[in-house]
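Undergrad: Take a look at this one; I'll ask things after.
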Amino acid sequence: MYKKETGSIQGDLVTLNQMCEVTNLGSSTVRRLASEAAAVRKIGKSYRINRRIFLDYVEKIYG
């Protein structure tokens, strides 16, 4: 079944694909960094990343 993503990329919780688009990184790298940053939120079967925490962590470590 096809699921259309209509969420805003400006929200606090974004999908893995949305975060990959924002950061121009691969999904494995985003998953690893999100896990390191404690930015992962699991809501049921839904995997979301807190955009603010993730980007702050990347800036702190790699900036």
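Undergrad: Quickly run through the stretch 12-38 and pick out the residues that are open to solvent by 40 Å² or more (accessible area, probe 1.4 Å), small (G, A, S) and touching a residue at least 12 places away in the same chain (Cβ under 8 Å).
TA: A38
Undergrad: I would also like to ask the following. For the stretch 41-63, which positions are aliphatic (A, V, I, L, M) and open to solvent by less than 40 Å² (accessible area, probe 1.4 Å)?
TA: Matches in the stretch 41-63: I49, V58.
Undergrad: Also: Which residue pairs have Cβ atoms closer than 9 Å, lie 6 or more positions apart in sequence or on different chains, and pair a first residue in the stretch 39-63 that is closer than 17 Å to D12 by Cα and in contact (Cβ under 8 Å) with a residue 40 or more places away in the chain with a second residue that is open to solvent by less than 80 Å² (accessible area, probe 1.4 Å) and in a loop (DSSP other than H, G, I, E, B)?
TA: Going by the 9 Å Cβ cut-off, the qualifying pairs are R51/I9; R51/G11; R51/A39; R52/A39.
The values are calculated or read from the model by the stated rules, or taken from the named source; none is laboratory data. In this text, all values refer to a predicted model and were calculated from it rather than measured experimentally. Here Cβ is always computed from backbone atoms with ideal geometry, including for glycine, and neighbour counts include all displayed protein chains. Heads up: the accessible areas ignore ligands, DNA and RNA and are worked out on the full protein's heavy atoms, side chains in. Shrake-Rupley method; radii C 1.70, N 1.55, O 1.52, S 1.80 Å.
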